[in-house]
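> Provided herewith is a single structure, encoded as structure tokens, for subsequent inquiry.
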Amino acid sequence: MLFLSALAIGMIGGLQNVTTEVPAPSSDGSEGSAVTSVAERAVREMGLVETTKLSGQSGDLVNVTVHERPSMWDMYLNHCPKWRPVNHVFFQVANVFFLLSFLAPHTASGLVWLRVALMLGCAFSGMWAWSIECYLDAVLWNSAFIVINFIYFSIQFYLMRPIKFHKDIEEVNIISLTAL
């Protein structure tokens, strides 16, 4: 709980201006004994860090200024400056069938509708995972979901069948009712 509180305070508080001193690169362009970590390079590439040489010193230190952002939420809300293209049509059709399954009414025929729409959604999701993205785990999961939904569909469809007796038994039942 303490960790979550500290995380929330950090996110609400936003980034602070930080000035630190790091060893400067040598004159030949290498960084000397200081090795820049991947995280430091990523921060510089994102434009959050601006390096300037300190004046009046021996030249082996660099002043690093981190530009202030209004809050940490900007990093989460604006993290996609360029969106990837829309997924394949199999992915879209699968999600349409998932939507339709959520709209099924609370009736016996609604349960059949639910199971059929879920099976079709999983089938299209599996086809997308198999033919477009090549995700074996997604194909296996969707196959398992199809089998489970088919079993429930079969049971529900069996329970919905009309129950009819043989004609002779129906006549016996009618005769016994009229005798009363």
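Derivation of every value follows stated rules applied to the coordinates shown; laboratory data play no part. All of these numbers come straight from a predicted model, not from anything done at the bench. Backbone-built Cβ (ideal geometry, glycine too); neighbour counts: all protein chains shown.
> Once you have a ≥ b ≥ c as the square roots of the Cα gyration tensor eigenvalues for the range 89-159, tell me rounded if a/c is under 1.5, and otherwise prolate or oblate according to whether a/b is larger than b/c.
Oblate, since a/c reaches 1.5 and b/c is not below a/b.
> SER131 versus PHE98, label points 7 Å from Cα toward the beta carbon: distance in nm?
The answer from the label model is 1.9 nm.
> Given labels modelled 7 Å from the Cα in the Cβ direction, how far is it in nm from PHE157 to HIS88?
Going by the 7 Å Cα→Cβ label model, 2.7 nm.
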